[in-house]
Amino acid sequence: MKKQTLIGIGAVILGMLSLTACGGNPDGAKPATGAAEGSASGKEIKIGMMFPLSGNEAKMGQDMKQAAELAAVEINAEGGINGSKIKLVAQDDACDPQTATAAANKLVSEGVTAVVGGYCSGAVIPATGVFHQNGIPMVVTAADSQKIADQKFPEIFMINGTGLHQAQMATKHMVNKIGAKKVAIIHDNSAFAKDLAEVTKKQVESASAGSKVVVFDAVNPDETDFSSLVSKLKQAQPDATYWTAYYKGGGLFIKQFKQQGVSGIIGVGDGANDKMLIDIAGKDAAEGTFITGSPAAEFLPEAKKFIDDYKAKFSQEPGPYSALQYDGIKVMADAIKRTGSTDKKAITEALAKSDLKTLTGQVSFTPQGTLKKSNFVVLQVKEGNFAPSK
């Protein structure tokens, strides 16, 4: 959660080598488990998917993959898209730019009509360059860096709010609601976290309440000892601290933050929007932590059937981005249906005109391919669970 580059032969080779090193599948794209195969007429529409299926964020990718499979099964059970069945083709991007570039090129060679997915912005940014060059429409479901939209690729559509939307929500909560005058912002130098941190800093410093950022710092993505940073924060005495990176580091940071008695509230961005955050931090330390994120299925009245069906099929609760991935498949299917063909340019034009009610809200796009209305909400840890912030 960058500049357009040409994906030359050298970049493809480098990406392919990186894919093997990072645990990706070197043998080509494989149909996602559970995706329905071709129809009686032999027709099928290949929809590619990209998310982390290995590495630290593999849980998120698996949650999203399963949600897509559920959506595809439902659509195919109803006759598919204009009589053609959906076939899902999944690739592991490992949340890594080079791996993502190779994965995107594999989906192109596999002949996908469209792509739905994307969790880590640092992986999505280079992948969208590949899809843009090949005219392949993509619905980005979880990644929300403002830099994705800033590329201005006409084929790319984001059904999660942007980094700017999230920064505005975080600032509103910390400055306007809580009344924070001194704010600390911490990221881990990943593309998503750094972008969200920088945009939030601008929002806080431009707020009319006279708030200021007293600490703006970065940690290593695999850091486990935050003692020096926590000491720095304790001395700065912030009214609010905002962690923009992912849940594994976030949980440890919260735990050490609370152990050292740093002043003020603490919150995290949507990269840490997973209940594993509470497990890592500990129930007592996590209590009161606020989370800015997109709407999870458990807080959506319209998602009851989706949750029940997901649990029945996979014997587990949906993840924080499962509903968005499910919606992304439905949005893409709707565009292809309205197009009446698999012509990529026509599908892109249909996506731009989308106006579809989904589990996570009404989906319609600005000319930049972002949501017309932000879907971000603020949650809070209460008694060991996430709950809407009052």
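Results, tabulated for the structure shown:
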item	result
Ala312/Ser341 FRET efficiency (R0 41 Å; Cβ-Cβ; nearest 0.05)	0.75
Contour minus Cα-Cα distance for Glu349 and Glu302 (0.36 nm per residue)	14.1 nm
Rough spin-label spacing in nm, given labels placed 7 Å along Cα→Cβ, for Asp150 and Asp284	4.3 nm
Per-selection Rg to Rh, region 287-347 - Cα, Kirkwood hydrodynamic radius	1.13
Spacing of the two label points (7 Å from each Cα toward its C-beta) at Ala387 and Ala77, in nm	3.4 nm
Residue-normalised accessible area of region 130-188, given per residue in Å² at a 1.4 Å probe	29 Å²
Carbon plus sulfur fraction of accessible area for the chain, probe 1.4 Å, in percent	50 percent
Computed [θ] at 222 nm, helices only, for the chain once each DSSP H run of length n ≥ 4 contributes -39500 (n - 2.57)	-12500 deg cm²/dmol
DSSP-assigned coil residues among trypsin sites (Lys or Arg not before Pro) in region 110-218, each with at most 12 further Cβ atoms within 10 Å	Lys152
Probe 1.4 Å, accessible area per residue of region 232-390, Å²	43 Å²
Calculated FRET efficiency for the pair Glu110/Lys212, C-beta based, R₀ 56 Å, to 0.05	0.65
Listed candidates [x] 35, 21, 19; [y] 40, 23, 21; [z] 33, 27, 17 - label of the one calculated as semi-axes √(5λ) of the Cα gyration tensor in Å	[x]
Euclidean distance between Cα centres, region 109-142 to region 150-215, Å	25 Å
Translational diffusion of region 277-390, µm² s⁻¹ [Kirkwood Rh, Cα pairs; Stokes-Einstein; 25 °C; 0.890 mPa s]	153 µm²/s
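The values are calculated or read from the model by the stated rules, or taken from the named source; none is laboratory data. None of the values given here were measured: they were computed from a predicted structure. Note: ideal-geometry Cβ built from the backbone for every residue, glycine included; neighbour counts use all protein chains shown. Note: areas computed on protein heavy atoms with side chains; ligands, DNA, RNA excluded. Shrake-Rupley method; radii C 1.70, N 1.55, O 1.52, S 1.80 Å.
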